[in-house]
Amino acid sequence: MVENDIKTQKFIVKYFTEIMIKGDSAKKQMINQLYQNLQKISSNISKDIQIKKFFDKIELVTPLQFVDDLRVKLLETSGIEQVLEAIQVDNMETLDDIKIKVDEFMRHTIDNKTFVVRAKRVGTQDFKSTNIEQTVGGYMLAMNKNSKGVDLKNADVTINLELEHKKLNIITKKYFGMGGFPLGTQGDILSLMSGGFDSTVASYLAIKRGVKTHFIFFNLGGLAHEIGVKQVAWYLWNRFASSHQVSFITVPFEDVVSQIFKDISPSYMGVMLKRLMIQASQNIAKDLKIDALLTGESVAQVSSQTLRNLSLIDSASNMLILRPLAMMSKPDIIDIATKIGTRKFAEAMPEYCGVISQNPVTFGSYDRVEKEAKAFDYSVLDEAVKQAKIKNINEVLDDICEIGSLEVVTEPSKDDIVIDIRQNIDCIKTSVETLKIPFYNLKKEFKTLSKEKTYLLYCDKGVLSQLHGQFLKDSEGYSNIKVYRPKQ
Ligand SMILES: Nc1ncnc2c1ncn2[C@@H]1O[C@H](COP(=O)(O)OP(=O)(O)OP(=O)(O)O)[C@@H](O)[C@H]1O
């Protein structure tokens, strides 16, 4: 039981170890960037969160009601090695002050456990860190008969203390952060985003490395695919990169695909399609002053992703192309997708344009690709690039919402059924029958529901409900779907 009337909680953010071994100016630049990123992220949660930068850490002090939100965001911000949660107590002048406070806050942790006290100290006190450890340890041992005693080598519980002048931090929890470099320290990249496992994991790895990651999507003709890609790109950005604004570019590629069917030999269609995507991406990246492209390609993952074919694709442009998954195995990629929450999106992503990957060449020839490329009418590609739509990532969901035109209902009728399609476990409470079906199971489970009822899809902003409802309507032919947006 904590008896003190504490109204704030402190987070201590320790920098990624690779930042700490940099030279002074690189280190300073990275710490400044992380500080700015955290200022932005924390002020989005609450203007009452205070943030302070030190040479070896950043401290954030938050009112208690924002602790959970802030913790989640800190653990999803690149550049952080460890996040410590601490209780901060001021006016700690003597060893007696310290021992009493630490016992008050930490005694509940040592019941039936062995413990050890570790302390660090900054200031001109007349005692040393070891004195703090011994005094606090001795006092807690005497005061807590249920404890199993002090164990210096193998304690069940370590009580970590940091005394800075008269300010004492009692560390209550430690988490591993995401690692990596602060977003914005490594320039900009344009990620070719098809929404499957690979391009989403590749984009995450770029973000984690500190690279500001913009997205480009080539629309080959499927509304469902467009919806899926926009949704997962927004999810990645919102979760791991919202300290920076990035672009989402949609390039209409239907005509390019038709032209490929006219001009290119079947076995080279797949390689040519990728080359054309790379060429279009390069042109757009140059306009946006982006230095490099990113893809989710991985050597040998599918029969067409041979080293030779990747080289044929590469030779379509002279821009740097990063392929962070090049040497990774699929299970490792899926593990990352599961960890970062994109697995469900990837599994729900519809197949597109399968024809173009039938009987692909696996060891294409440089001469032949040149010949195929010469046969292609590039004015079609130029036109597609001209028609590309560039949006801010936070506008893409609204953007697709315009495509949808499902009726929006603010009050359900008594026979309606509400379906909460959000990914989290909470389910909205309504006055009518309400089901929980996360969006990634909707297609499968909707089939099993009575056709006689009207279903009102519910999500946080009404946007994903529009998208998924529209998808069910267009692709599966259902007409008994509306969107539920209760009045705030
Ligand atoms: N429609 C598209 N729009 C943008 N980029 C694409 C598109 N299709 C493919 N790409 C890019 O090409 C890469 C290889 O695509 P391909 O379909 O061959 O492989 P994949 O391994 O299934 O990719 P993913 O798992 O990312 O869907 C993708 O990772 C992505 O970077």
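Only residues that are closer than 25 Å to residue 59 by Cα and touching an Asp or Glu at 6+ places or on another chain (Cβ under 6 Å) were counted in the stretch 117-143, giving 4.
Checking the stretch 239-259 against the condition returns a match, with at least one residue being among the acidic types (Asp, Glu), away from the ligand (no atom under 12 Å from the Cβ) and in contact (Cβ under 8 Å) with a residue 12 or more places away in the chain.
Taken together, the criteria exclude residue 224 from residues that are among the small types (Gly, Ala, Ser), crowded, with 21+ Cβ neighbours inside 10 Å and not in a loop (DSSP other than H, G, I, E, B). Hey, can you tell me all the residues within the stretch 288-321 that are away from the ligand (no atom under 12 Å from the Cβ) and outside any helix (DSSP H, G or I)? Result: 288, 289, 290, 291, 292, 315, 316, 317, 318, 319, 320. Inside the stretch 62-72, residues that are buried (at least 17 other Cβ atoms within 10 Å of the Cβ) and either within 14 Å of residue 83 (Cβ to Cβ) or not hydrophobic (A, V, I, L, M, F, W, C) (or both) make up a count of 3.
Note on the stretch 458-482: residues that are at pLDDT 90 or above and more than 25 Å from the chain's Cα centre (by Cα) total 3. Checking each residue in the stretch 202-218 for being in a helix (DSSP H, G or I) and near the ligand (Cβ under 8 Å from one of its atoms) picks out only 202.
The values are calculated or read from the model by the stated rules, or taken from the named source; none is laboratory data. Predicted model, so just to flag it, every value in this text is computed and none were measured. Because the Cβ atoms are built from the backbone with ideal geometry, glycine has one as well, and the counts that use them run over all protein chains shown.
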